[in-house]
Each structure stands twice: as C-alpha cells, then as structure tokens.
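**Student:** Let me begin by handing over the structure; questions about it come next.
The values are calculated or read from the model by the stated rules, or taken from the named source; none is laboratory data. These numbers were taken from a predicted model, which means no experiment stands behind them. Please note: Cβ atoms are built from the backbone with ideal geometry, for glycine as well, and neighbour counts cover all protein chains shown. We work out accessible area using only protein heavy atoms, side chains counted, and drop any ligands, DNA or RNA first. Shrake-Rupley method; radii C 1.70, N 1.55, O 1.52, S 1.80 Å.
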Amino acid sequence: MLNLKDGAILRVVGGIAKGRRLKALMGLNIRPTSDKVKESIFNILGDKIIDAVFLDLCAGTGGIGIEALSRGAKETVLVENNQKAAKLIKENLLLCNLEKDSKVVCNDAVRFLEDSDKRFDIIFFDPPYKSDLFEKAMAVFDRKELLNNNGILIIEHNSKTVLPEETNSLILLKKYKYGDTTLSLYKERGLR
C-alpha cells in the first residue's frame, strides 16, 4: 500500500481530462492504480467505455471512475466508504469538470451492491488487498444481476490472490498480470 503523502502523483492519463492532476489526502493509505495498469484497463475496454454506465467500487481518490468519464463513459458511480476520500472524489471530479455525469456514494462496497437496483455496463472493483471484500462481493454478484447485457466485471487484486475461474453466475474471461497486480475480467453466465 502506498501512502499518498510519500509523493505519489495522481493524474488522468487519457480522454478529455488527460494530464489533469488529481488531489490526494495526506496520510490516507490508498493503493492507487498505477498509470500503467490504468492505461491497460482502458486499452482492454476499448470502445466499450463509450456511453457506458460505469461503477467504480472502492474508488479511493476516484482515479478510475474519473478516467472512465474522461474517456467517454455516459455515467459513473463512485463508491467509497471513507468520508474524507468521498469528499476528495467530489473535488477531483470538479477539478476535471466531470461532476455532471457522476454520482459519489459514501458507503461500504458490499452494502452498496446489496442495496443497488441499478445495472452497469462495466464494474471496476479494487478493494484493499488484505480484506475479505472479494469473497463478500463475489457472493453478492452470484445472487444479483448487476451487469447489463455484455457487461464486464474487472477486479484488480494482488497477483498472489487466486480468484475463482467461475462462480454460480460469473465466468472468468481473462487475467492480465502486471507485476504484483492482476486484473481479472468476468462476465455473467448465460445468454445475457
């Protein structure tokens, strides 16, 4: 985990807000997605991001959700349980002039999933590596249809963490490894 007071520079790497620097809270322990991994996420998604309804779970500073909006997402919901970080996300959205098509929710990721009646085209889930949020969220994904047709779930996790190839409702499409970080892409089973 990177402590943002140690000089991390967070920025938007593509789209209409490319190059914008994002604010970070001093002393808040957040493991931001590296620019290399961020760029890879959006290269993988390609044109799927255009007009997508995007969910950024465990949003931290909002970097991924902001990147999605910058690259053409129609709407982004950013969920973060830390009140100071949620406030910072709102500030970062304003800095990038992307607040209009976004909603910041200060809530626990699993509770948000349980309570949500909304479906998304893309869900990006990046929980703290040493937490049980993976298992809890996967259980919710198994019970609820949260993805639209052809929707995709991207989980960023430590490369040592082994996620299932399939669950009752999800199938692993592909894994992309970047050193200590892995992106696992899932889709819902069936003809959806």
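**Student:** Taking segment 159-170 on its own, how many of its residues are out of contact with any strand residue (DSSP E or B) (no Cβ under 6 Å at 6 or more places or on another chain) and surrounded by 12 or more Cβ atoms within 10 Å (Cβ to Cβ)?
**Tutor:** First, the residues of segment 159-170 that are out of contact with any strand residue (DSSP E or B) (no Cβ under 6 Å at 6 or more places or on another chain): 160-162, 164, 166-168.
Keeping just the survivors that are surrounded by 12 or more Cβ atoms within 10 Å (Cβ to Cβ) gives 161, 164, 167.
The number of residues fulfilling the criteria is 3.
**Student:** Now, a different point. Among Asp101, Asp132, Asp117, Asp180, which is at negative phi and touching a helix residue (DSSP H, G or I) at 6+ places or on another chain (Cβ under 7 Å)? Steps first, please.
**Tutor:** Details: Asp132 fails: touching a helix residue (DSSP H, G or I) at 6+ places or on another chain (Cβ under 7 Å); Asp117 fails: touching a helix residue (DSSP H, G or I) at 6+ places or on another chain (Cβ under 7 Å); Asp180 fails: touching a helix residue (DSSP H, G or I) at 6+ places or on another chain (Cβ under 7 Å).
Matching residue, one of Asp101, Asp132, Asp117, Asp180: Asp101.
**Student:** Moving on. Among Lys36, Lys48, Lys23, which is the only one that is over 16 Å from the mean Cα position of the chain (by Cα) and either at pLDDT below 75 or open to solvent by 40 Å² or more (accessible area, probe 1.4 Å) (or both)? Even if it seems obvious, please write down each step before you answer.
**Tutor:** Values: Lys36 fails: over 16 Å from the mean Cα position of the chain (by Cα); Lys48 fails: over 16 Å from the mean Cα position of the chain (by Cα).
Unique residue meeting the criteria: Lys23.
**Student:** Okay, next question. Go through the residues of segment 139-154 one by one and say whether even a single one is farther than 16 Å from Lys118 by Cα, β-branched (Val, Ile, Thr), modelled with pLDDT of 95 or more and buried (at least 19 other Cβ atoms within 10 Å of the Cβ).
**Tutor:** Start the filter on segment 139-154 by keeping residues that are farther than 16 Å from Lys118 by Cα, which leaves 139, 154.
Now restrict to residues that are β-branched (Val, Ile, Thr): 154.
Keeping just the survivors that are modelled with pLDDT of 95 or more gives 154.
So of that shortlist, the ones also buried (at least 19 other Cβ atoms within 10 Å of the Cβ) come out as 154.
Yes, that holds for at least one residue.
**Student:** What are the residue pairs meeting all of these: first residue in segment 66-84, first residue on the phi > 0 side of the Ramachandran plot, second residue not small (Gly, Ala, Ser), Cβ atoms under 9 Å, and 6 or more apart or on different chains?
**Tutor:** Pairs found: Gly72/Ile16; Gly72/Asp47; Gly72/Ile49; Gly72/Ile50; Gly72/Asp51.
**Student:** Follow-up. Pull up segment 171-186, narrow it to residues that are surrounded by fewer than 13 Cβ atoms within 10 Å (Cβ to Cβ) and among the charged types (D, E, K, R), then point me to the one that is farthest from Arg119 (Cα to Cα).
**Tutor:** That would be Asp180.
**Student:** Something else: Checking Leu94 against (1) under 29 Å from Arg20 (Cβ atoms); (2) modelled with pLDDT of 95 or more; (3) surrounded by 15 or more Cβ atoms within 10 Å (Cβ to Cβ), which single condition isn't satisfied?
**Tutor:** (3)
**Student:** Just need a number here: residues in segment 117-127 that are at pLDDT below 95 and surrounded by 15 or more Cβ atoms within 10 Å (Cβ to Cβ).
**Tutor:** Within segment 117-127, residues that are at pLDDT below 95 and surrounded by 15 or more Cβ atoms within 10 Å (Cβ to Cβ) number 2.
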